[in-house]
Structure formats: C-alpha cells, structure tokens
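Encoded as structure tokens, the structure appears first; notes follow it.
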Amino acid sequence: MKDGQRTAVVVLALALCAAAAYLPAVSSGWIWDDVNLVEPSPALQDLGGLRRAVATDLYRQAAPRLEASPYWRPLALASYWLDTRLGAAPRSLHIGNIILHGLATALLTLVVLRRRRDGAGLAGPALAAAWWAFHPDHVETVAWISCRYELLSGVALLGLLALPWRPGIRQAALHGLVFLAGLLSKDGFGAMLAVVAAMDWAAHRSPAVAAPRWVAVGLAVATWWTARAALGLPGFDLPPLHVLPGVFLDATRIYILRALVPRPLTIGHSYAPGGALGIAIGGAVVVALVAAAVRRRRLAVPVAVLLAGLVPAAVAMAKFGQVPERYFYLPSIGLALLIGDLVAVSLRSPRWLVRWSVPGVVGLATLLGLVRLEARLPDWRSDDALFAAALQVNPEDADANLSLGIAAGRRGDWDEARRTLVIAQRTDPHSGRIATALAWALLRSGDVAGALAQAERATTLPPYPPDAWYYLALARHQTGDHAGELAAIDRLLQLSPDYPRGRGSRVFAACEASGGSRCVEAAQQAEAHR
C-alpha cells in the first residue's frame, strides 16, 4: 500500500472511531441552554427563519425580548438549519455535532501526519490524534448542541492548518474564506491571527510572499466587522485589561493541567485564581513554550495554536468567573500537535526506555480518556441526568443549582427554588442570571424586600438580563415606589423594545406615578394595540 493510501486509511479510521465514540449522544434531548438558544431559534424553521436568525445576535435570534449581545454566530445557525433539513431535531443536531467532531479529527490527523519527518511512521501521529479525539474534556463540546460554534471554529482552524501553501491569489483567497468561516463560527476566532503569523514565520516566508494571504485574511476580518456594524450589534464588553495577563497565565496553567490530568467532569468549574504561585507556574509554562518555538521553528505553529486558543478562554474566565470544558477544544489542538512531535522524537530515540515509554504513556492516557468519555456521555441525556451528575461532583455547582431552582419555580415549589438559587448565588455571587432568578423566586413567594435587593443587584451584574429590570419594576410597584417603577420599565424598554408586557407595564406605571385612575384598563389597551 502506498504512503498516500495508508494516510487516507488512518485519517478515515480515526474519524470514524471518533464519531462512533459519541453515538450514544444521538438519543439525547434538548439540554441546558439548548432550550433557550437552539430549540426556539427560527433557524430551525424555513429559509425565512434562517434569514431572521442570522440577522441578529445569538441570544436575540432565539428570544427577541433579550438585551442585544455582541455574540454573532451565523455559521452555527446555518448549520442548525441544514441539519434540520435532513432530520428532526434534536436528534439531527446531535448527529451534526458528532459529524463535525469526526471531521475535526480527520483534519487533525492529516495535519499531524504532514508534520512527520521523512521516513517516520504513522503510529506516532495517529496516537496523538487519537488522544485528542477521545479526550474526556471534549464531551461537553460534542454532546451539547449549544457548543456547535466551538466545533465549527475547531474545523475552521484545522482547515486553515491543513490547506497546502501555494503562492497565488486563488490560494490566498481560500485561506481568507476559511478564516472568515472561523469568525462567523465564533467571535474569539480573531485570536487565530497569531497562528497565521506563526505559519509564515515557521516556513521562513518573506513579507512579500506572505502578503497575498494577509490581504485575504485582512479582508475576511473587515468583512466580518462591517457585517456586524451593519446589523447594529453592540461592541464587546471586555473585562479590565490590566487583569487579563494574570488570568491568561492562570488559564495556561489550568488547561494544561486538565489536559494531562482531567478533573471530574461537570457542567461548571468556578474560576479560583491561583494567586502569585499560579501566575508564576503559568508564566513559566508560557516562557518555556515560546522559548522552544524560537529555538525550533517547527514548534511555532503548535505553540501559537495553544496560546492563541487560550486568549478568548482567558477573556471569558475574567468576565464570567468560570473555566468550562468547552474552552479547551481549540487550544487542545495545539497540544495534540506538540504531543505528535514528542511521540515522533521518542520513537527515533536509540534508548529503548525512551522509545516506548512516551508512546506508552500517551496510549494509556488515550484509553483512559475513552473510558471516561463513555462513562460521561449518559449524563448528557437530559437536564435531570446532567444536573444530578454535576451535583455529585460539586453539590454547590452554580449552574446546576440555578437550573434546578428555575425548574422548581416553574412547577410551583418556591421553597426548593429559593434553596437551590441561594446555593447557586453563594457559589457564583457575581452572576446576573442567578440574581435575576432569585428575584423572581422571592417575588413569587412574597419576599418583596429580598426581591427588590436581588433585582437591584442583578441590574449591575453581567449578563444584564432585561428580566432583572422587569422584576425590579414589579418589586418597586409593590413597595409603592411608582416613580422608580417607571424608571425601571423605561430602562427595560431601552434594552429590549419587544419585551412582553413591556409597553403595557409602562402605561400602567406612568398612570400610577401621575396618580391617575383606571390604570389597568389603559395598560391592557396599550398591549392590545401593539
């Protein structure tokens, strides 16, 4: 069998194995934020629904009453639409995620194989690709429909790495289109500009030779930015810039440690800053990686993928205070490339112990990862299974307690709703979503003072849900503060003009604030004429 045929067989075999490992997820339902972001999306309807969905941000396309967000991911929505042309949701969407992970595995295998030195075998690259394909920290990304943008951005990055380099405008344009696809998949893909620079530096390309691709990539970024501006999307609300370097170093330490020793899997990992020691460890890792890339240029691309992939993760960590597994998908591609190089070097060692110990360790980690992957998949069948599993790992998991509290409130068990939401807030005191849900539960159970305090708190915390202003208005109404009620409704309508009952509530609040009569009738008429 020729080398090209062997390569094709290895690529196809690993892609099929990666897809087969996730087949149990096909029978899963709508899980967690799928109910809010995917199931109600017009992108699952006809072509007109897709056009409406991609013309706004990720949150408002599914719920127009929400405040506009900067997250615009039209390629993910288009992929949802395509999936539902081929089968019923959510089954077809789970199949779509699995296919994308299989495609990413195939592309990664191809990239790792291309990095082989002359005469090297297929075993080392195949082992590195298998380690990545079966890593248990990818379960959240593949099994959860709402993580489609992570999968698409991973495929786009690997497509960029897999494209052969040839001079010329057509090839440069193809690189630009792939980069645009990454941006349309996930906003943080812009950090991959560092990978493009590393590719040119590693290949010793002169600026003149590299210029056409940079023009194409620059046009991709300009196109993406212009489209966002045309749609009127808000800018990104970044955390304070002075905290980002320390968080980035912390992210490096945390995710590399997880890559080597995966933690018990759950739906949320609160970010606990590592302090001076954690930053020092992360800094030492970054310095060692950069030094290795400077010394050996062939390492520049894997190091750039790893570190650039951690940039959006660090921004999200600083902003939301969590270190979830889905942020691992992109940077882990760089780790897989480094592991492929490490295994290849060890297999050429004249020392027997070195030659077999490194592949043996990577092989054992791969098998253990596959076992953990299969053990974790059943937890992603439903919300009940997922949240129960999360609470077994951490009884104070903020996301699990938030979701269970909302579910308890919807079935009318307000004591249970308050209990779980208090636990959630204790774990994550800076979450606007938790404070909003707690305000709702306290209002419904008659604790007006507590609801007022939580609603006021929620309006100052990200992600600034418009519901917080609505509950603030209701709480102020019950305390007789009609002027404050009107101010809260005005702010609500400024953020979300289409908020249900918003116009009627404003008419009612204005009527009460002015001391008028028949306010209920006026509000009902305002809603009827919307």
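Is it the case that some residue within segment 492-504 is under 31 Å from the mean Cα position of the chain (by Cα) and at pLDDT 85 or above?
no
Out of Pro207, Pro240, Pro212, report the one residue that is surrounded by 12 or more Cβ atoms within 10 Å (Cβ to Cβ) and either over 27 Å from Cys147 (Cβ atoms) or touching a residue at least 60 places away in the same chain (Cβ under 8 Å) (or both).
Being surrounded by 12 or more Cβ atoms within 10 Å (Cβ to Cβ) and either over 27 Å from Cys147 (Cβ atoms) or touching a residue at least 60 places away in the same chain (Cβ under 8 Å) (or both) holds for just one of Pro207, Pro240, Pro212, which is Pro212.
Test Gly360 against the stated conditions and say whether it is under 19 Å from the mean Cα position of the chain (by Cα) and without any contact (Cβ under 8 Å) to a residue 40 or more places away in the chain.
So Gly360 fails the test.
Just to check your reading of the model, which residue among Cys511, Cys519 is out of contact with any strand residue (DSSP E or B) (no Cβ under 8 Å at 6 or more places or on another chain), over 25 Å from Ala441 (Cβ atoms) and at pLDDT 75 or above?
The unique qualifying residue is Cys511.
Which one is modelled with the highest pLDDT among residues in segment 90-145 that are over 21 Å from the mean Cα position of the chain (by Cα) and outside any helix (DSSP H, G or I)?
Arg115
Scan segment 222-236 and give yes if some residue there is assigned to a helix (DSSP H, G or I) and under 28 Å from Ile95 (Cβ atoms), otherwise no.
Within segment 222-236, none of the residues are assigned to a helix (DSSP H, G or I) and under 28 Å from Ile95 (Cβ atoms).
Rundown of residues vs (1) in the same structural domain as Leu299 (by TED's automatic domain parsing); (2) under 19 Å from Ala300 (Cβ atoms); (3) more than 19 Å from the chain's Cα centre (by Cα), yes/no style:
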| site | (1), (2), (3) |
| --- | --- |
| Gly154 | yes, no, no |
| Leu160 | yes, yes, yes |
| Pro164 | yes, yes, yes |
| Arg170 | yes, no, yes |
| Ala173 | yes, no, yes |
| Val178 | yes, no, yes |
| Ser185 | yes, no, no |
| Ala191 | yes, yes, no |
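Please go through segment 62-89 and pick out each residue that is of a type outside the set (Gly, Ala, Ser) and not in a helix (DSSP H, G or I).
Pro64, Arg65, Leu66, Glu67, Pro70, Tyr71, Trp72, Arg73
Across segment 72-89, what is the total count of residues that are over 19 Å from Val155 (Cα atoms) and under 17 Å from the mean Cα position of the chain (by Cα)?
Of the residues in segment 72-89, 0 are over 19 Å from Val155 (Cα atoms) and under 17 Å from the mean Cα position of the chain (by Cα).
Can you name the condition, by its number, that Leu391 falls short on among (1) surrounded by 16 or more Cβ atoms within 10 Å (Cβ to Cβ); (2) over 21 Å from Gly29 (Cα atoms); (3) in contact with a helix residue (DSSP H, G or I) (Cβ under 7 Å, 6 or more places away or on another chain)?
(2)
State whether the residues of segment 321-336 include one that is surrounded by fewer than 18 Cβ atoms within 10 Å (Cβ to Cβ) and basic (Lys, Arg).
no
Among the candidates Ala417, Ala468, Ala435, Ala458, which residue alone is aliphatic (A, V, I, L, M), touching a Phe, Trp or Tyr at 6+ places or on another chain (Cβ under 8 Å), within 25 Å of Phe320 (Cα to Cα) and buried (at least 19 other Cβ atoms within 10 Å of the Cβ)?
Only one candidate qualifies: Ala458.
Do you know which residues across segment 1-28 are surrounded by fewer than 16 Cβ atoms within 10 Å (Cβ to Cβ), closer than 16 Å to Asp83 by Cα and among the small types (Gly, Ala, Ser)?
The one that is surrounded by fewer than 16 Cβ atoms within 10 Å (Cβ to Cβ), closer than 16 Å to Asp83 by Cα and among the small types (Gly, Ala, Ser): Ser27.
Considering only residues that are touching a Ser or Thr at 6+ places or on another chain (Cβ under 7 Å), assigned to a helix (DSSP H, G or I) and buried (at least 23 other Cβ atoms within 10 Å of the Cβ), which ones fall in segment 155-200?
Residues satisfying the conditions are Ala156, Gly182, Ser185, Phe189.
Would you confirm whether or not segment 75-82 contains a residue that is in contact (Cβ under 8 Å) with a residue 60 or more places away in the chain, surrounded by fewer than 24 Cβ atoms within 10 Å (Cβ to Cβ) and polar (S, T, N, Q)?
Among the residues of segment 75-82, at least one is in contact (Cβ under 8 Å) with a residue 60 or more places away in the chain, surrounded by fewer than 24 Cβ atoms within 10 Å (Cβ to Cβ) and polar (S, T, N, Q), which makes the answer yes.
Of Leu386, Leu373, Leu443, which residue is among the hydrophobic types (A, V, I, L, M, F, W, C) and assigned by TED's automatic domain parsing to the domain that holds Ala18?
The unique qualifying residue is Leu373.
Looking at segment 475-501 only, could you name the residues that are surrounded by fewer than 21 Cβ atoms within 10 Å (Cβ to Cβ) and either within 16 Å of Leu443 (Cα to Cα) or of a type in the set (Lys, Arg) (or both)?
Within segment 475-501, His477, Gln478, Thr479, Gly480, Asp481, Arg491, Arg501 meet the criteria.
With respect to Thr479, is the statement that it is over 21 Å from Ala398 (Cβ atoms) and of a type in the set (S, T, N, Q) true?
Criteria met by Thr479.
The values are calculated or read from the model by the stated rules, or taken from the named source; none is laboratory data. Because the structure is a prediction, the values reported are computed rather than measured. When we count neighbours, we look across all protein chains shown, and the Cβ atoms used for this are built from the backbone with ideal geometry, even at glycine.
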